[in-house]
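The values are calculated or read from the model by the stated rules, or taken from the named source; none is laboratory data. The structure presented is a predicted model; accordingly, all values stated were derived computationally and were not measured. Heads up, the Cβs are rebuilt from the backbone with ideal geometry, glycines too, and the neighbour counts pull from every protein chain shown.
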Amino acid sequence: MLWVASLCLLLAPSILGAPTNKQRQKVLLISFDGFRWDYDRDVDTPHLDKMAKDGVKALYVTPPYLTITSPAHFSLLTGRYIENHGVIHNMWFNTTSTEKKPYYQTQFVNEWWDNGTLPIWITAQRQGLKSGSLHFPGTASSYQGEVAMVQEVEPLFYNYKNETAWRENAGKVMDWFSNQDLDFISLYFGEPDGIGHRYGPDSPERKEMVKQVDRTVGYIRHSAEQHGLNDRLNIIITADHGMSAVYRNGLVEEITLSKIPGFSFSDIAFHLVDFGPSGMLLPKPGKLQKVYDALKGSHPHLHVFKKEEMPERLHFAKNDRILPIILWSDPGYVINGYFPVQFHKGEHGFDNQDMDMKPFFRAVGPAFHKNLEVGPFETVDIYALMCHILGIKPEVNDGHLNSTKHMLVSSTTTQGEDVDFLNNIFNGLAAVAGFLVVVFIMVTSHKLLKDKRKNKRSVSSDQLPAKEMIYQTSL
Ligand SMILES: [Zn+2]
């Protein structure tokens, strides 16, 4: 009897709320740069439609502000708003030397990325998982001396729209999952952003590129199946921001700072303008109010804010790297410095409330419900979702698992702090029931044996030797 109770006590902790012995699930996070939430509405996208049928489709996702590439991708990897993770721009800059580095070169400026917030690759690896990344912004940097264990950074002047290369990259990622048993991989494609800038979001060229994205999604899902990954791999597809058409050819009064009465670049120590619809200014000492007064209200489609007056909802103020004056324009407009130097037909970087800035979202795999359409959530919520599926404890972040948890099937319990509450209760009840069954069997068999011997004794106890009598009663 005692050994049965001991066995139950030994087994109970492993039954009550502990990880199940199911295989750990994997996550592939894919970003198609600049894929707006509604790009599938005017193009046939059979593979994206099939993915939505087999999994989950969100109406759209709200990206972090500033709605540009490197900052928004780092929010995907960290679950933090941009003011909190510190990668505040695509460009590294130094306000003292006035030096700036463009997008590609900034990928290699370690201190720009590694400033206190850990991307999911490193967190996963510290908890015993294996991570990889292919071309995803932030891949080239190390974080507290650590990097994703398998990684590939694109070369300078990389052709981001070559479909053959896309398939090769998808093949590499599937190989990393199946042959190197990686648990998490981030995979980046540079389109339809490039084509959206060049031809505009309403162009036939953009529609053709969406078809290429769709074919690639079909290829990736087929490849996952061929590698036998379907029962363990969850594929999440989203983007960093959307795209909005820019008014050109004298259709509107352009925003050109040098033409604004009372404003002079001689009052500015450092600036980031001629970068689409967003800008930041560092006025010279004593000139902040003068610059602000000149710009505020100068154009009906130009928004001017002192850093400390930025709307709270944008989460773009509380960081030393953000300059004292922040500018942005309404959709359709860009901010020029001395004269127009940008000739894109499409832009992003606008207010994240603007519908044109919202990315798409699809997810499929064993963790997700099938044929489910859900309402919008934020880009920063995706991090907590991925940590939950991987069974790792997330770092401090700005997202909420409750915003996305309804997309998951209830059995998505792996391990970590988010062990499903209902599963815990079920396992606990099962353990108690098991224990009671064992006790019942013991008591019943003991009673039966006792009754049997009692009957036997009542018949012939007087005929048994004294030694045997003592043995029987001691049972
Ligand atoms: Zn982008």
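Residues that are more than 16 Å from the ligand (Cβ to nearest atom) and either under 22 Å from Ser75 (Cα atoms) or modelled with pLDDT of 95 or more (or both) within the stretch 11-46 comprise Gln25, Lys26, Val27, Leu28, Asp38, Asp40, Arg41, Asp42, Val43, Asp44, Thr45, Pro46, listed in sequence order.
Yes/no matrix, rows are residues, columns are (1) more than 16 Å from the ligand (Cβ to nearest atom); (2) at positive phi; (3) in contact with a strand residue (DSSP E or B) (Cβ under 9 Å, 6 or more places away or on another chain); (4) not assigned by TED's automatic domain parsing to the domain that holds Val87:
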| position | (1), (2), (3), (4) |
| --- | --- |
| Glu208 | yes, no, no, no |
| Thr216 | yes, no, yes, no |
| Arg221 | yes, no, yes, no |
| Asp231 | yes, no, no, no |
| Ile237 | no, no, yes, no |
| Phe263 | yes, no, no, yes |
| Phe270 | yes, no, yes, yes |
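Listed conditions (1) assigned to a strand (DSSP E or B); (2) more than 21 Å from the chain's Cα centre (by Cα); (3) farther than 22 Å from Arg198 by Cα are all met by Ala363, apart from (2). With the condition kept exactly as written, say whether any residue in the stretch 392-404 is surrounded by fewer than 18 Cβ atoms within 10 Å (Cβ to Cβ) and either among the polar types (S, T, N, Q) or under 18 Å from Ile30 (Cβ atoms) (or both). Yes, the stretch 392-404 has at least one match.
Mind listing whichever residues of the stretch 91-104 are within 12 Å of the ligand (Cβ to nearest atom) and in contact (Cβ under 8 Å) with a residue 40 or more places away in the chain? Correct list: empty.
When the stretch 61-85 is filtered for residues that are in a helix (DSSP H, G or I) and within 10 Å of the ligand (Cβ to nearest atom), the ones remaining, listed by number, are Thr69, Ser70, Pro71, Ala72, His73.
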